[in-house]
Amino acid sequence: MAKRLNEYDYLYISARIHTLETKLLTRERMERMLSARTAEEAARVLAECGYGDFPALTPAGIEETLNQARLALFDDLRRDAPNPNLVDVFRVKYDYHNAKALLKAGAVGRDAGPLLLDAGRYPAGQLREDVERGDLDRYSETFRQAVAAARETLASSGDPQAADFILDRAYYAEMLQAAQASGSSFLEGYVRLSIDNANLRALVRSLRMGKGPDFLKRALLSGGNVPPDRLLTAGGGELPTLFARTPLEEAAQAGAEALGGGPLTQFERLCDNALTAYLSQARRVPFGEHPLIGYLYAKENELTAIRVILTGRLAGLDTETIRERLRESYV
């Protein structure tokens, strides 16, 4: 029987995490990147965050550097974590990203190779071979069944969105299963909030597009704090009430306002910021699984922010446009 872990088992890695937090991309560092004269100058700020030189300051080069940083992060923390399953909760989405890329590329006869990310639980190259052979015996039952169902749906309907719904449902189900198995109520709370987040976004987009309950039923996920059946028949004016006294209350209000035809930018930002605010609680915990969970999320956010800033600079976007796309910093 596996040893039941407690917060004292995380003393070493918590100390490491609190030291690493000093190198995270802060709002001040982001602003310096935004005010830099060139993309090259902006990238140099990242030396303070532990990044080396970007070998190629192109969209593809940036993506490759960030992918390698993510892979190194997962390998490093999984090695030191008393419970590696905590790290795996954050890796699940890359397995499903790769499954989507492989199935869609296969349906149109294209090469999915450039789209694959080697940061999931399953090596991307091996997954590619197994999906192409139709042999998924080595994978989790949830993953295996979802890939088979999505492949069949794509072949019969030609509807990639329908296939995405199947894979997304399995992705969040596996995340929740893994979080519950980890024994961390904090991590489980994050996953349940993530499900609420996804459902709120689906509801707002569905209402904006004038979609009916049948469409929404396929998009909504189980496992959140707000049951899907309460959302199925909700109108825009009910959003603030449905999410009242939850971390998504402010986002729900912005979503209701966006249904009037305005941009979704503020709504999307508040959805993301709600997750950051929840996980930022981990910074107040001296040791335990909380700092590890919070740091994993913070690094994922950091990689996204770096991509937004550097690719935005390369594309010639103005500073304010790039700033609008950034989310609250973990630190």
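Loop-located trypsin sites (Lys or Arg not before Pro) across region 73-135 with a Cβ neighbour count of 13 or fewer within 10 Å are 110, with loop assigned by DSSP.
Here each label is just a point 7 Å from Cα along the line to Cβ, and for residue 249 and residue 37 those points are 4.9 nm apart.
Given +1 at the Cβ of Lys and Arg, -1 at the Cβ of Asp and Glu and no other charges, the dipole of region 10-51 around its Cα centre is 60 debye to the nearest 20.
Among the listed pairs 93/211; 104/211; 23/100; 23/93, those whose Cα-Cα separation exceeds 30 Å are 23/100.
Dipole check for the chain: with +1 at the C-beta of Lys and Arg, -1 at the C-beta of Asp and Glu, and the Cα centre as origin, the magnitude is about 220 Debye. In region 161-266, taking the dipole from charged Cβ atoms about the Cα centre, the farthest positive-side position among 161, 185, 251 is held by 161. Computed over the chain with a Gaussian network model linking Cα atoms closer than 10 Å, the most mobile of 209, 175, 30 is 209. Across the chain, C-alpha contacts under 8 Å between residues 6 or more apart give a mean separation that, scaled by the residue count, equals a relative contact order of 23 percent. Dipole orientation for the chain: of the candidates 56, 101, 235, 235 has the Cα lying most toward the positive pole (charges on Cβ; Lys, Arg +1; Asp, Glu -1).
Spatial offset of region 216-248 relative to region 133-154 amounts to 29 Å, using the alpha carbon center of each. Between 314, 210, 198, the Cα set farthest toward the positive side of the dipole of the chain (charges on each charged residue's Cβ, about the Cα centre) is that of 210.
None of the figures in this text is laboratory data; all of them are computed from the coordinates on show. Since we're looking at a predicted model, the values are computed, not measured. Positions of Cβ are backbone-derived with ideal geometry, glycine not excepted, and every protein chain shown enters the neighbour counts.
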